[in-house]
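Here is the structure we will look at, set down as structure tokens.
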Amino acid sequence: MSDEVALITGASSGIGEAFARAYAAQGRRLVLTARREDRLRALAEELASRHGVAVDVISADLSLCDGPSQLAGEMERRGHQVSALVNNAGFGTVGRRFADVPLQRSMEMMRLNCDAVVELTGRYLPAMVARGGGEIVNVGSIAGFQPLGTMALYAASKAMLLNFTLAVWAETRGTGVRVLALCPGDVNTEWEAVAGVPEGKRNLKGLEAAAVVDKALAALRRDRGYVVVAKPEQGLPVRLAPLVPRRVLARATARMMPRF
């Protein structure tokens, strides 16, 4: 018989690791996936020892075209049934015009931030609906609320994720499945390092990942559909974005974002 697990992508650090810790504390079986297998195994051993839960590790690169299908095939081979899915894996670039980002890097971003989310949701949501229960968290960003010059594709990918998740949330109302888009502001993770922000310019005053996950799980329990978790100075632009013409936002951010 299949065992029910929480599948967390991008679980080797940051928000994904914080979700793994939170679910392990609830006593849930886990499957952790990311590219860095050594980190996953160290985390799995720690969580299994601390909480007495079963933690499986699958190394996968979801930015590859066949990455999600290979992950799903391995999940099936191991007999795992997904009762919770956290689509956390993703990355961005900052301070660079779209024309200056190598096309291969952009396509990797689209496949990871969008395609993998759609495919894994499409693979596991129908069974959740059929069973009458389950949960899906898609990790977006406050960047998804407006066009962002010099973060063009990242912001667009997170806008897609937000709208996709909210639509699926509406479609699954009354099925017992809870769906949430988590839209954090700055969080103390490795995101800026991966995005290419120079070490001396990185924001060291972001939110802690564990606090972000706590708020996300509270919103999931209340079936909120989406939640913004950000400091007040970052939450304000999200609230003002619908009031400002999108062309104005795009031009303003193209000028302003490189300074940050």
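The values are calculated or read from the model by the stated rules, or taken from the named source; none is laboratory data. The shown structure was predicted, so the numbers you read here are calculated from the model rather than taken from an experiment. Using ideal geometry, Cβ is built from the backbone for each residue, glycine included, and neighbour counts are taken over all protein chains shown.
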Next on the checklist: Could you check the stretch 223-254 and list, in sequence order, the residues that are under 17 Å from C183 (Cβ atoms), over 19 Å from the mean Cα position of the chain (by Cα) and of a type in the set (K, R)?
Outcome noted: R239
Checklist outcome for this item: Over the stretch 217-247, the set of residues closer than 18 Å to F145 by Cα and surrounded by 14 or more Cβ atoms within 10 Å (Cβ to Cβ) is R224, G225, Y226, V227, V228, V229, A230, Q234, G235, P237, V238, A241
Checklist outcome for this item: Note on the stretch 224-241: residues modelled with pLDDT of 80 or more, touching a helix residue (DSSP H, G or I) at 6+ places or on another chain (Cβ under 8 Å) and of a type outside the set (V, I, T) are G225, Y226, A230, Q234, G235, A241
Next on the checklist: Let me spell it out: the conditions are (1) touching a residue at least 60 places away in the same chain (Cβ under 8 Å); (2) out of contact with any strand residue (DSSP E or B) (no Cβ under 7 Å at 6 or more places or on another chain); (3) part of a helix (DSSP H, G or I), and Y124 meets all of them except one. Which number is the exception?
Outcome noted: (2)
Item to check | Of all residues in the stretch 101-114 being part of a helix (DSSP H, G or I) and not aliphatic (A, V, I, L, M), the one that is surrounded by the fewest Cβ atoms within 10 Å (Cβ to Cβ) | outcome: Q104
Next on the checklist: Residue under question is A193, and the condition is that it be modelled with pLDDT under 90 and within 20 Å of the chain's Cα centre (by Cα); does it hold?
Outcome noted: yes
Checklist entry - With respect to D61, is the statement that it is of a type outside the set (V, I, T), under 19 Å from the mean Cα position of the chain (by Cα) and surrounded by fewer than 20 Cβ atoms within 10 Å (Cβ to Cβ) true? => result yes
Checklist entry - Out of all the residues in the stretch 7-16, is one or more β-branched (V, I, T) and over 18 Å from V139 (Cα atoms)? => result no
Checklist outcome for this item: Of the residues in the stretch 16-49 that are without any contact (Cβ under 8 Å) to a residue 40 or more places away in the chain and assigned to a loop (DSSP other than H, G, I, E, B), the one that is surrounded by the fewest Cβ atoms within 10 Å (Cβ to Cβ) is G27
Checklist outcome for this item: Expected single match for surrounded by 20 or more Cβ atoms within 10 Å (Cβ to Cβ) and part of a helix (DSSP H, G or I) among V137, V117 is V117
Checklist entry - Which pairs do you get when a residue that is among the β-branched types (V, I, T), found in the stretch 1-15, comes within reach of a residue that is modelled with pLDDT under 95 and assigned to a strand (DSSP E or B), reach meaning Cβ atoms under 9 angstrom, with the pair 6+ apart or on two chains? => result I15/V187
Next on the checklist: Can you say whether G95 is assigned to a loop (DSSP other than H, G, I, E, B) and either among the acidic types (D, E) or crowded, with 18+ Cβ neighbours inside 10 Å (or both), as far as the supplied structure shows?
Outcome noted: no
Next on the checklist: Kindly evaluate L161 against the criterion of being surrounded by 20 or more Cβ atoms within 10 Å (Cβ to Cβ), of a type in the set (A, V, I, L, M, F, W, C), at pLDDT 95 or above and in a helix (DSSP H, G or I).
Outcome noted: yes
Checklist outcome for this item: Checking R131, R111, R78, R123 in turn, the sole residue that is in contact with a Cys (Cβ under 9 Å, 6 or more places away or on another chain), on the phi < 0 side of the Ramachandran plot and modelled with pLDDT of 95 or more turns out to be R111
